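A.B. asks: Structure in structure tokens, see below.
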Amino acid sequence: MRSGHRVPTLTPAMIAIWAAFATVPLWIEHIGLYQYLGVEILIFATYALAYNLVLGHSGLPSFGHGAFFGLGAYGFGLAQFHLVADLWFCLGAAVAAAALGGAIVAAFISHRRGIYYSLLTIAFGQVFWFIAIKSHAITGGEDGLLKIARLPARLGVVSFDLTHNISLFYFVLAVFVAVSLLLWRLVHSPFGRVLKAIKQNETRARFVGYDVWRYKAAVLVLSAGLSGLAGGLFAMAQSSAFPDVMSLHYSGYIVMMTLVGGGLVTFWGPVLGAIVFLLARDVIGAFTTGWMLWFGMLFVALVVYRPEGLGGLFLRPARAKPAAAK
Amino acid sequence: MALFEARELHLRFGDRVVLENISLAFEAGCLSGIMGPNGAGKTTCFNVLTGRYRPDRGRVMFDGADITGRSPQAIARLGIARSFQLMNLFDEFTVFENVAIALPQTRKRGADPIGVAYGDAALVAEVHEILDTVGLGERVDQIAKSLPYGERRALEIAVALASRPKLLFLDEPTAGLGSDGRARLAELVHRLKGQVTLVVIEHDMEFLFSLADVISVIHWGQVIAQGSPAELRTNPWVKNSNLGKLA
Amino acid sequence: MSLLPHLVNGLALGLLFALLALGFMLILGLMEQINLAHGSLFALGAYFSFAIATPRLPLPPDLLHAWAAVPLGWRFTAAIFLAPVLVAPFGVVIERLMRRTYGRDPLYGLLLTFGAAMVIEDLIRIVWGTRDYMLPVPRGISGGFLMLDLIWSTYRFWAAGFAVIAMAVVWLVIERTRFGALVKAGAHDSEIVQALGHDLEKLRVWVFVLGTMMAAIAGVILAPIWGIRPHMGVDAVIPAFVIIVLGGVGSFWGAVLGGLLVGMVVGLSGAYASEWSMLSMYLLLILVVTFRARGLFGKKSVLEA
């Protein structure tokens with residue numbers, strides 16, 4: 001960040017992105033797609049932004065984030081079935097369950113970095129996934145947790161029904177706006193800058209007096225909690241929760257989305273990545289059963305030739321200048 | 001009592017003894033030098049003193065408190081800062097932010113997840129002041145990675161200064177610098193002398209002999225000679241070794 | 001219930017796990033690259049062996065009939081030797097792509113091979129469909145035998161013996177040949193190897209090919225036990241990496257011991273809670289790595305950078 005340069009809370013790009021999303025229900029069906037896809041994209045965009053908090057902003061290559069997304073989904077469903085069937089409460093439960101999972105993982109791995117961090121997050125991801133599959137009595141095992149209701153959003157005297165995809169879309173958009181605003185602030189806050197410093201040089205950060213372990217643990221808990229929020233929304237959207245979102249595949253997909261979109265170089269990269277990923281799934285998937293064959297190749301090509309991702313392509317000319325806030 | 005004291009430090013890596021019975025004392029306000037041939041254990045010694053390694057035996061005391069084996073961040077917070085021989089900056093940050101992130105004010109607000117990072121005018125002024133001290137006032141908005149070598153050295157020192165240390169360790173500050181850069185750095189260190197207690201590891205004898213108040217010579221993991229530059233010039237060991245020839 | 005059969009089974013399983021991890025260990029230990037496509041190469045080995053042994057090959061009908069008339073024992077043996085050769089080119093392609101990530105954060109190698117794993121998995125789905133297959137075993141080594149009043153699977157013991165031989169061969173190649181000495185040197189100081197006039201690029205390709213072929217051989221040997229299905233690759237790569245991290249990156253004996261430990265733990269926990277037996281290896285990993293940061297025999301490596 002430049003000297004005395006204040007990063008505004010609201011930027012034109014941010015407002016443009018929100019506004020563009022707000023128009024989606026008006027035209028998405030006219031281009032041959034469907035309303036639910038919009039909901040899914042927003043949920044994964046939220047998830048990818050939350051994930052990028054660790055990958056892009058803190059340099060912690062978690063490969064087991066699916067566990068937190070899944071914990072959120074199960075947290076939402078189970079809270080609804082066994083505790084209180086209230087939207088806010090259930091979303092809170094989703095966040096809490098995932099943050100708790102994140103705290104457990106963080107306690108074991110926050111002194112690690114690099115590939116070892118990835119490997120241990122894979123191991124923990126597998127543990128959570130495995131437990132989800134085997135605890136039939138609680139999670140329904142591989143059959144999943146079914147008949148999760150799309151609860152109405154109660155705001156004082158008014159209450160919004162979310163059973164239709166369009167109303168759910170706007171609710172998810174509101175969450176997306178809140179999460180992206182929060183993360184934008186966070187990235188440019190003292191906390192966010194310390195994370196960025198740790199990402200670049202952990203040793204140096206320690207020698208200027210930062211307790212690196214705590215920052216790494218805190219950011220994982222936070223990212224896990226927000227991933228859980230996205231997971232809760234996903235359970236509501238799907239009206240069910242399945243263990244496969246916790247598998248290594250899905251944990252890898254979120255890394256793919258984030259990188260493909262350019263999460264390493266731009267704040268909004270993960271959003272672009274989520275859009276590209278889900279559109280590719282539907283569009284390529286319409287022509288062939290093996291859509292991942294093609295998307296996988298695109299991903300490999302990006303890792304090899306353009307590790308900064310699609311977002312990086314647009315940013316190229318601007319990167320020569322000293323780092324303006326992106 | 002000295003501001004900083006190391007008593008009988010021992011350290012081994014596997015079956016190799018790296019430090020053997022090292023005792024050092026650095027007086028407040030002085031510039032103390034540490035010299036010795038390559039591989040003598042100087043940098044390792046530094047790493048023990050600043051908390052990067054824990055000694056197997058021995059004590060490290062700072063300002064009357066025992067700090068042996070404390071974490072680097074805990075030691076840094078007590079007011080000990082260091083620069084690194086292999087430059088250790090936040091490469092993607094601007095010069096400004098490298099210093100700003102190291103300020104105690106920033107550190108205190110480190111847990112603030114929504115506030116503005118460096119919005120405070122006093123903070124900005126302080127960063128500029130530190131950068132002016134090391135001669136980087138013109139480079140504020142440049143990315144650290146893009147600085148020429150000598151200026152990266154200066155920035156290293158600025159980052160160390162930013163934590164407002166009582167004691168500043170410099171690990172081979174002239175390494176890789178040309179004669180011009182050395183002269184500028186000598187001038188900077190000379191200016192810092194008196195403002196902060198300094199401990200400098202150095203290869204360049206001329207540099208150390210002209211600036212230091214006290215010099216300790218480390219060889220084979222031991223302190224083999226100690227004294228003022230004048231005393232050391234006449235020390236038979238120093239005279240006979242390569243170090244002596246340089247001096 | 002006696003513990004002995006579970007111990008013996010755990011030991012046999014451990015040897016198979018070690019075999020599974022061997023190719024992964026080679027590429028990680030000698031090239032400092034995580035090959036997440038290891039499992040997919042393992043799966044390809046299984047599918048190719050299935051195609052060769054059953055036989056389902058794109059050959060002229062006459063030739064195919066002639067090949068089908070050959071006894072299964074010969075077809076199975078041919079599969080063990082041919083399948084790795086057929087899988088090797090996939091390894092070469094991955095190495096060629098990976099070359100561009102050398103010197104960068106090892107994370108890129110991991111991501112690249114994850115992408116490659118996804119591609120291969122879908123390729124398998126397209127070619128062979130999503131159903132399960134079983135690789136038939138020649139009569140001489142199929143069935144079971146009685147020992148201590150218990151029935152034991154002959155093939156498991158045969159496969160474990162094969163694993164021991166494969167490990168011995170790999171050990172000899174790394175420790176007792178010029179090639180092994182060169183790649184080991186190259187992993188740590190590529191400049192010296194180049195200064196000696198050796199082509200480091202070629203050396204790396206060969207290491208990758210060797211690792212790939214080991215993955216494929218493991219795929220052939222394990223296919224009759226674990227079955228053949230598209231996601232077997234991901235199912236296999238995870239234990240492989242657990243074993244390596246457990247044993248310590250860069251250590252041959254660490255990988256062997258890691259494999260044996262995982263086999264024992266999975267075997268023993270299987271005796272008491274078979275549903276949960278696979279979970280035990282992750283818990284073992286987390287436990288060991290919490291107390292020994294680099295695994296049992298690990299050395300410092302670039303992975304900690």
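The values are calculated or read from the model by the stated rules, or taken from the named source; none is laboratory data. These figures come from a predicted structure and were not determined experimentally. Glycine also receives a Cβ, built like all others from the backbone with ideal geometry; neighbour counts cover every protein chain displayed.
A.B. asks: Go through A:VAL127, A:VAL105 for me and flag whichever is crowded, with 19+ Cβ neighbours inside 10 Å, at the interface with chain C (Cβ under 7 Å from one of its Cβ atoms) and hydrophobic (A, V, I, L, M, F, W, C).
C.D. replies: After ruling out the rest, the residue left standing is A:VAL127.
A.B. asks: When you scan region A:307-324, do you find a residue that is within 12 Å of another protein chain (Cβ to nearest Cβ), part of a helix (DSSP H, G or I), in contact with a Leu (Cβ under 9 Å, 6 or more places away or on another chain) and modelled with pLDDT under 95, even just one?
C.D. replies: Yes, that holds for at least one residue.
A.B. asks: Looking at region C:243-256, is at least one residue of a type in the set (S, T, N, Q) and either crowded, with 20+ Cβ neighbours inside 10 Å or in contact with a Gly (Cβ under 6 Å, 6 or more places away or on another chain) (or both)?
C.D. replies: Within region C:243-256, one or more residues are of a type in the set (S, T, N, Q) and either crowded, with 20+ Cβ neighbours inside 10 Å or in contact with a Gly (Cβ under 6 Å, 6 or more places away or on another chain) (or both).
A.B. asks: Considering every residue within region A:138-158, establish whether at least one is without any contact (Cβ under 8 Å) to a residue 60 or more places away in the chain, of a type in the set (Asp, Glu), more than 14 Å from chain B (Cβ to nearest Cβ) and in contact with a Pro (Cβ under 8 Å, 6 or more places away or on another chain).
C.D. replies: No, that holds for no residue.
A.B. asks: Select, from A:ILE122, A:ILE138, A:ILE104, A:ILE115, the only residue that is modelled with pLDDT under 95, part of a helix (DSSP H, G or I) and within 27 Å of A:VAL84 (Cβ to Cβ).
C.D. replies: Of A:ILE122, A:ILE138, A:ILE104, A:ILE115, the one residue that is modelled with pLDDT under 95, part of a helix (DSSP H, G or I) and within 27 Å of A:VAL84 (Cβ to Cβ) is A:ILE138.
A.B. asks: Shifting gears a bit: Among A:ASP244, A:ASP282, A:ASP211, which is the only one that is over 12 Å from the mean Cα position of the chain (by Cα), among the acidic types (Asp, Glu) and within 28 Å of B:VAL95 (Cα to Cα)?
C.D. replies: A:ASP211
A.B. asks: Just the residues that are of a type in the set (D, E, K, R) and more than 10 Å from every other protein chain (Cβ to nearest Cβ), please, taken from region C:83-112.
C.D. replies: Within region C:83-112, just C:GLU95 meets the criteria.
A.B. asks: Can you work out which of the residues in region C:80-126 that are in contact with a Gly (Cβ under 9 Å, 6 or more places away or on another chain) and hydroxyl-bearing (Ser, Thr, Tyr) is nearest to A:HIS249 (Cα to Cα)?
C.D. replies: C:THR101
A.B. asks: Still on this model: Got at least one residue in region B:123-144 being within 18 Å of the chain's Cα centre (by Cα) and in contact (Cβ under 8 Å) with a residue 60 or more places away in the chain?
C.D. replies: no
A.B. asks: A further question on this structure: Which helices (runs of 4 or more DSSP H) sit wholly inside region B:30-118 and have at least 1 residues that are facing another protein chain (nearest Cβ under 7 Å)?
C.D. replies: B:72-78, B:95-100, B:104-108
A.B. asks: Answer yes or no: is there a residue in region A:1-13 that is among the hydrophobic types (A, V, I, L, M, F, W, C), buried (at least 21 other Cβ atoms within 10 Å of the Cβ) and modelled with pLDDT of 95 or more.
C.D. replies: So far as region A:1-13 goes, no, none of its residues is among the hydrophobic types (A, V, I, L, M, F, W, C), buried (at least 21 other Cβ atoms within 10 Å of the Cβ) and modelled with pLDDT of 95 or more.
A.B. asks: Considering each residue of region B:123-162, count those that are buried (at least 22 other Cβ atoms within 10 Å of the Cβ) and of a type in the set (S, T, N, Q), and give that number.
C.D. replies: Final tally of qualifying residues: 0.
A.B. asks: Among C:HIS65, C:HIS38, C:HIS6, which is the only one that is over 30 Å from A:LEU293 (Cα atoms) and touching a residue at least 12 places away in the same chain (Cβ under 8 Å)? Full working, then the answer.
C.D. replies: Values: C:HIS65 fails: touching a residue at least 12 places away in the same chain (Cβ under 8 Å); C:HIS38 fails: over 30 Å from A:LEU293 (Cα atoms).
On inspection, the qualifying residue turns out to be C:HIS6.
A.B. asks: Answer with yes or no whether A:GLY209 is within 14 Å of chain B (Cβ to nearest Cβ) and touching a strand residue (DSSP E or B) at 6+ places or on another chain (Cβ under 9 Å).
C.D. replies: Yes: the conditions hold for A:GLY209.
A.B. asks: Moving on to the next point. Quick one: would you say B:THR174 is at pLDDT below 85, among the β-branched types (Val, Ile, Thr) and surrounded by 20 or more Cβ atoms within 10 Å (Cβ to Cβ)?
C.D. replies: Spelling it out, B:THR174 is indeed at pLDDT below 85, among the β-branched types (Val, Ile, Thr) and surrounded by 20 or more Cβ atoms within 10 Å (Cβ to Cβ).
A.B. asks: Please verify whether region A:72-89 includes one or more residues that are in a loop (DSSP other than H, G, I, E, B), buried (at least 18 other Cβ atoms within 10 Å of the Cβ) and either among the acidic types (Asp, Glu) or modelled with pLDDT of 95 or more (or both).
C.D. replies: The answer is no, given that none of the residues of region A:72-89 is in a loop (DSSP other than H, G, I, E, B), buried (at least 18 other Cβ atoms within 10 Å of the Cβ) and either among the acidic types (Asp, Glu) or modelled with pLDDT of 95 or more (or both).
A.B. asks: In addition: Just checking, does region B:157-171 include any residue being facing another protein chain (nearest Cβ under 9 Å) and more than 15 Å from the chain's Cα centre (by Cα)?
C.D. replies: no
A.B. asks: Could you grab me the full set of residues in region C:113-165 that are within 14 Å of chain A (Cβ to nearest Cβ), aromatic (Phe, Trp, Tyr) and crowded, with 18+ Cβ neighbours inside 10 Å?
C.D. replies: Initial filter on region C:113-165 (within 14 Å of chain A (Cβ to nearest Cβ)): C:113-131.
Narrowing further to those that are aromatic (Phe, Trp, Tyr): C:114, C:128.
Matches in region C:113-165: C:PHE114 only.
A.B. asks: How many of the residues making up region A:164-189 are of a type outside the set (A, V, I, L, M, F, W, C), over 16 Å from A:PRO8 (Cβ atoms) and out of contact with any helix residue (DSSP H, G or I) (no Cβ under 6 Å at 6 or more places or on another chain)? First the steps, then the outcome.
C.D. replies: We begin by selecting, within region A:164-189, every residue of a type outside the set (A, V, I, L, M, F, W, C); these are A:164-165, A:167, A:170, A:180, A:185, A:188-189.
Still in the list and also over 16 Å from A:PRO8 (Cβ atoms): A:164-165, A:167, A:170.
Those left that are additionally out of contact with any helix residue (DSSP H, G or I) (no Cβ under 6 Å at 6 or more places or on another chain): A:164, A:167, A:170.
Residues in region A:164-189 being of a type outside the set (A, V, I, L, M, F, W, C), over 16 Å from A:PRO8 (Cβ atoms) and out of contact with any helix residue (DSSP H, G or I) (no Cβ under 6 Å at 6 or more places or on another chain): 3 in total.
A.B. asks: Here's a follow-up. Yes or no: B:GLU187 in contact with a His (Cβ under 7 Å, 6 or more places away or on another chain) and over 17 Å from B:GLU27 (Cα atoms)?
C.D. replies: No; evaluated as a whole, the condition is false for this residue.
A.B. asks: Hey, does region A:216-226 have a residue that's within 14 Å of chain B (Cβ to nearest Cβ) and of a type in the set (Val, Ile, Thr)?
C.D. replies: For region A:216-226, residues within 14 Å of chain B (Cβ to nearest Cβ) and of a type in the set (Val, Ile, Thr): present.
A.B. asks: Look through A:ALA99, A:ALA107, A:ALA93 and report the one residue that is in contact with a Phe, Trp or Tyr (Cβ under 7 Å, 6 or more places away or on another chain) and not acidic (Asp, Glu).
C.D. replies: Every option except A:ALA93 fails the conditions.
A.B. asks: Quick one: count up the residues across region A:228-241 that are crowded, with 24+ Cβ neighbours inside 10 Å and under 19 Å from A:SER135 (Cβ atoms).
C.D. replies: Here is the first cut: in region A:228-241, the ones crowded, with 24+ Cβ neighbours inside 10 Å are A:228-236, A:241.
Checking the rest, the ones that are also under 19 Å from A:SER135 (Cβ atoms) come to A:228, A:231-232, A:235, A:241.
Count: 5.
A.B. asks: Sort out which residues of region A:46-92 are among the aromatic types (Phe, Trp, Tyr) and within 21 Å of A:ARG154 (Cβ to Cβ), and write them in order of number.
C.D. replies: A:PHE76, A:PHE81, A:TRP88, A:PHE89
A.B. asks: Let me ask another. Is one or more of the residues making up region C:223-235 in a loop (DSSP other than H, G, I, E, B), within 10 Å of chain A (Cβ to nearest Cβ) and touching a Gly at 6+ places or on another chain (Cβ under 6 Å)?
C.D. replies: Residues of region C:223-235 that are in a loop (DSSP other than H, G, I, E, B), as a first pass: C:227, C:229-231.
Next, from what is left, pick out any that are within 10 Å of chain A (Cβ to nearest Cβ): C:231.
Narrowing the set further to residues that are touching a Gly at 6+ places or on another chain (Cβ under 6 Å) leaves none.
The answer is no, given that none of the residues of region C:223-235 is in a loop (DSSP other than H, G, I, E, B), within 10 Å of chain A (Cβ to nearest Cβ) and touching a Gly at 6+ places or on another chain (Cβ under 6 Å).
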